[in-house]
Amino acid sequence: DAGVIQSPRHEVTEMGQEVTLRCKPISGHNSLFWYRQTMMRGLELLIYFNNNVPIDDSGMPEDRFSAKMPNASFSTLKIQPSEPRDSAVYFCASSFNRAMQPQHFGDGTRLSIL
Amino acid sequence: KNEVEQSPQNLTAQEGEFITINCSYSVGISALHWLQQHPGGGIVSLFMLSSGKKKHGRLIATINIQEKHSSLHITASHPRDSAVYICAVLSNFGNEKLTFGTGTRLTIIP
């Protein structure tokens, strides 16, 4: 079975540019999570969706970050305009929204803002 | 103080040694995850538990809800076990938000 699919795997861009990260969750999963991982702060939840609806976006750092889930099989995380401090690995994960169901992580997008 | 604390932060051991990684948390939880991340790699969920003990191969995870503490054990450690092990807790507030520890970097020397 295909796992969580993220694209691109790597992105290098100049500050001020718009960055769009993409995620395809595991088919049938109804919860989707966006995480950011940095050396300084470790793993942090940015936002999560349940049945395509954003449930908790308290981790989104500022208005430059936005996330959408237009349907059950696709989500985007957008940064506009990007800044060097946004450099991190961004992970997407999905799960069944039921008791004791683990989250399945994608391979991550390594983002470098120059 | 972080809600989830792991110890040690770094651990180096010889191949074959018994490994213990600890996780303490300060909030009420409904479940606790142990995750594994290899260098430059993705994140894999090893265990999700809310009570007692779970075993998978050479890995054992235990949790004591009263003491708010969990341990991850590795028996007969192998260089391929070298990775960062991350503890994460799911609060009992009814949402799915995970709070992560800072991770334990394990290095097994052949």
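The values are calculated or read from the model by the stated rules, or taken from the named source; none is laboratory data. As the structure is a prediction and not an experimental result, all values here were calculated from the model. Neighbour counts are summed over all protein chains in view; Cβ atoms, including those assigned to glycine, are modelled from backbone coordinates with ideal geometry. Keep in mind that these areas ignore ligands, DNA and RNA; they rest on the heavy atoms of the full protein, side chains included. Shrake-Rupley method; radii C 1.70, N 1.55, O 1.52, S 1.80 Å.
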* **Dipole-positive endmost among B:Ile86, A:Ser87, A:Met100 within the protein assembly as shown (Cβ charges, Cα centre)** => A:Met100
* Hey, how many Å between the Cα centroid of the stretch A:1-50 and the Cα centroid of the stretch B:21-81? -> 23 Å
* Asked: Between chains B and A, what is the buried accessible area summed over both chains (1.4 Å probe, protein heavy atoms, nearest 100 Å²)?
  -> 1600 Å²
* Structure fact -> One would report the antiparallel percent of DSSP beta bridges in the protein assembly as shown, rounded to the nearest 5, as 90 percent
* Asked: Which whole number gives the average, over all residues in A:54-64, of C-beta atoms from other chains lying within 10 Å of the residue C-beta?
  -> 1
* Asked: Which value, in debye to the nearest 20, describes the size of the charge dipole of the protein assembly as shown about its Cα centre when Lys and Arg Cβ atoms bear +1, Asp and Glu Cβ atoms bear -1, and nothing else is charged?
  -> 460 debye
* To do: Hey, can you find the accessible area per residue of the protein assembly as shown for me, probe 1.4 Å, expressed in square angstrom?
  => 50 Å²
* Asked: Put simply, what bits of the stretch A:14-52 lose 40 Å² or more of accessible area when the other protein chains are there, versus the chain on its own (1.4 Å probe)?
  -> A:Leu43, A:Leu45, A:Tyr48
* Asked: Of the beta bridges DSSP finds with both residues in chain A, what % are antiparallel, to the nearest 5?
  -> 90 percent
* Considering only A:Phe49, A:Met60, A:Met15, whose Cα is most displaced toward the positive end of the charge dipole of the stretch A:1-68, charges sitting on Cβ of Lys, Arg (+1) and Asp, Glu (-1)? -> A:Phe49
* Asked: If r is the Cβ-Cβ distance from B:His73 to B:Ile109 and R0 is 25 Å, what FRET efficiency results, to the nearest 0.05?
  -> 0.85
* Asked: In vacuo Debye scattering of chain A, one point per C-alpha: log10 I(q)/I(0) at q = 0.22 Å⁻¹?
  -> -1.25
* To do: Taking all pairs of distinct Cα atoms, average 1/r, flip it, and tell me the Kirkwood hydrodynamic radius of the protein assembly as shown in Å to one decimal place.
  => 18.1 Å
* To do: Can you tell me how much longer the chain between B:Asn2 and B:Val27 gets when fully stretched, taken as 0.36 nm per residue apart minus their C-alpha distance, in nm with one decimal?
  => 8.0 nm
* To do: Return the sequence-ordered ³J(HN,Hα) values of the stretch A:16-27 in whole Hz as given by the Karplus equation 6.51 cos²θ - 1.76 cosθ + 1.60 applied to θ = phi - 60°, using x for Gly and Pro.
  => x, 7, 7, 10, 10, 9, 10, 8, 10, x, 5, 4
* Structure fact -> Mean per-residue count of partner chain Cβ within 10 Å for B:41-53 equals 3
* **Accessible surface of the protein assembly as shown, 1.4 Å probe, proportion on carbon and sulfur as whole %** => 49 percent
* Reachable lysines, given that their alpha-carbon falls under 24 Å from the alpha-carbon of B:Lys55 and they are not under 8 places away in the same chain -> B:Lys68
* Report, in cubic angstrom per residue, the convex hull volume of the C-alpha atoms of chain B. => 96 Å³
* **Drop in accessible area of at least 30 Å² in the complex versus isolated chain, residues of the stretch A:84-114, 1.4 Å probe** => A:Phe91, A:Met100, A:Pro102, A:Gln103, A:Phe105
* Structure fact -> Whole-Hz Karplus couplings 3J(HN,Hα) for the stretch B:76-84, θ = phi - 60° and coefficients 6.51, -1.76, 1.60, Gly and Pro as x, run 6, 4, 9, x, 6, 7, 4, 5, 9
* Anything losing 40 Å² or more of accessible area from the isolated chain to the full protein assembly: pick those residues out of the stretch B:66-110, probe 1.4 Å, ligands and DNA/RNA ignored. => B:Glu96, B:Lys97, B:Leu98, B:Phe100
* To do: Report, in debye and to the nearest 20, how large the dipole of chain A comes out about its Cα centre when Lys and Arg carry +1 and Asp and Glu carry -1 on their Cβ.
  => 240 debye
